[in-house]
Structure formats: structure tokens, C-alpha cells
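Read through the structure below, which is laid out as C-alpha cells, and then see the notes.
The values are calculated or read from the model by the stated rules, or taken from the named source; none is laboratory data. Values in this document were obtained by computation on a predicted structure and should not be read as measured data. Here the Cβ positions follow ideal geometry from the backbone for every residue, glycine too, while neighbour counts run over all protein chains shown.
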Amino acid sequence: MHEATVSPSAFRFRPHWEVLPAGTQLWRMHKSQYAAEEFKPFDPDDRAPGRFHGTAEDPYPCLYAATDPETALAETLLRSVPFDPETGKRLVLWRQVRGRSLNGVRTRCELKLVSLCSGAALAAVCQDNRLLENEGEEHYRNTRRWAREIRAQAPEAAGMIWDSKRNPSTRALVLFGDRLADCAGGPLEPLPYRSIPDLGSPDGIKEVNQLLEPLRSAIKEPLHRP
């Protein structure tokens, strides 16, 4: 990835595109305070903004999702989590799922997304795999700068999509809430029958662990609940 001293605006992008048809089902893990279809607003006081969150210069609301529930969980929960030598699994702390939900949603309108799904697609925005793979706030400050410039040079983009780092062969994506105001009824329709409303509950942990089992991962249940 280019050093932070290089301004993304120095480059001219030629984005590759991927179109999600209306009716596409997606999954998202999120704080339970938000509705299944609700975008997270820009918060200047957010202590841990994500890889492609809005910035003070471009304060858009955003929503991260994935093409299947396992990937929605993995993208959030399995960041830099090592395998435990005793169990042979990646163990996720209960506090990471407490107060969170997993929901299925369906697109109400066609979504045109900037593709980051190949080397050529990344090169089209003058980037490489480090845009998607490097971790940490210092790196994220630069990825957010790059997302801001992609939005500036691709004003028709409703979001961006890429291959999941933590569950290869599936996709993760981010949607830009300010680009979807014209979608009647809102861009996403919640699917209540595709929902785990409380991931930290005993039933929620059971369901999550069933989804994460193929990835040899599980929620480590607390000895005592508050």
C-alpha cells in the first residue's frame, strides 16, 4: 500500500464494477442498538472506526455486510485471533458478542459497487492486497483516506466489495448510506426469519458456534454472566 504521505488524489482511478441485483440476500453482525437495515452514522468520537468508515472530511454513514452468515461473523470476530493449541480452535471472548446481533437483509434496489476482488481491480484504484489485509489504526487511517478518494472519483458507487480475508471464496462489502437515498423504502429489507437477535445469550452462542464450527472457531462462554 502507498505510504500515507502519498495523497490518493495524485492518482486517477479506473474502477472495476460489480452489480448486486435487487433481491440479493446479505448478512451483517452489528450492535443490537441498530436495526437490521440501519446504517451506522459517522461519529467523530468513535474510538475504533473501521477500515472504510467515513471521515470528518467525508462523514458518510456506512454498513458492513457479507454474502453469508459465517463470513459476517468471521470478518468481525476472527481478526488476528490465533488457534488455541489446547482446543485446536480460535476462541472468541464472550464480550465480543455481548450486545450484538446477526441479521439477514435483502436489497430492495440494484447496488453498483466498486470491486476490489482481484489484483486487477485493486490496481484499478492504484492499490494492492494491503488495502484489505493490513490491520491496525495507523493503517486504517490510510485505508479511510483511500476510500474517500474512491468515493470522490466514483460518485455513482453505492459501496465497495472484496474477497473476505477470513473466509476466502466469500465476499464482504461496505455500503455508503448517503448514496442510497433514492432507493424507495430504503436500500435494505430486514429478514426477521434470518436473525440471531442476541449473540451473547446461551441460544445465541449455540447458533454462532454451529456457524463457526467449519472455521474451527467458537465463542468461549463466560464462567459467570453479569
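Going by the structure shown, is Pro49 within 12 Å of the chain's Cα centre (by Cα) and either part of a loop (DSSP other than H, G, I, E, B) or crowded, with 17+ Cβ neighbours inside 10 Å (or both)?
On the way: within 12 Å of the chain's Cα centre (by Cα): yes; either part of a loop (DSSP other than H, G, I, E, B) or crowded, with 17+ Cβ neighbours inside 10 Å (or both): yes.
Yes.
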Inset, instruction - Please state which one of Ala152, Ala147, Ala120 is crowded, with 16+ Cβ neighbours inside 10 Å and not aromatic (Phe, Trp, Tyr). - result: Ala147
Legend entry - Check on Ser169, out of contact with any Asp or Glu (no Cβ under 6 Å at 6 or more places or on another chain), in a strand (DSSP E or B) and among the small types (Gly, Ala, Ser): no
Inset, instruction - Tally the residues that are of a type in the set (Lys, Arg), outside any loop (DSSP other than H, G, I, E, B), more than 24 Å from Gly177 (Cα to Cα) and at pLDDT 95 or above, restricting the search to the stretch 81-132. - result: 1
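Just to check your reading of the model, which residue among Leu116, Leu91, Leu122 is within 28 Å of Ser7 (Cα to Cα) and in contact with an Asp or Glu (Cβ under 6 Å, 6 or more places away or on another chain)? Reasoning before the result, please.
Numbers: Leu116 fails: in contact with an Asp or Glu (Cβ under 6 Å, 6 or more places away or on another chain); Leu91 fails: within 28 Å of Ser7 (Cα to Cα).
It is Leu122.
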Inset, instruction - State all residues of the stretch 52-73 that are touching an Asp or Glu at 6+ places or on another chain (Cβ under 9 Å), among the aromatic types (Phe, Trp, Tyr) and assigned to a loop (DSSP other than H, G, I, E, B); if no residue qualifies, say none. - result: Tyr60
Legend entry - Members of the stretch 133-161 that are closer than 28 Å to Cys183 by Cα, in a helix (DSSP H, G or I) and not acidic (Asp, Glu): Thr143, Arg144, Arg145, Trp146, Ala147, Arg148, Ile150, Arg151, Ala152, Gln153
Legend entry - Condition met for Ala158 (free of Cβ contacts under 8 Å to residues at least 60 places away in the same chain and touching a Lys or Arg at 6+ places or on another chain (Cβ under 6 Å)): yes
Inset, instruction - Could you check how many residues of the stretch 161-205 are closer than 26 Å to Gln33 by Cα, touching a residue at least 12 places away in the same chain (Cβ under 8 Å) and polar (S, T, N, Q)? - result: 2
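Is it the case, given these coordinates, that Asn167 is farther than 23 Å from Val81 by Cβ and buried (at least 17 other Cβ atoms within 10 Å of the Cβ)?
Working: farther than 23 Å from Val81 by Cβ: no; buried (at least 17 other Cβ atoms within 10 Å of the Cβ): yes.
No, not satisfied.
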Legend entry - Which listed residue, of Ile150, Ile196, is at pLDDT 95 or above and over 24 Å from Ser7 (Cα atoms): Ile196
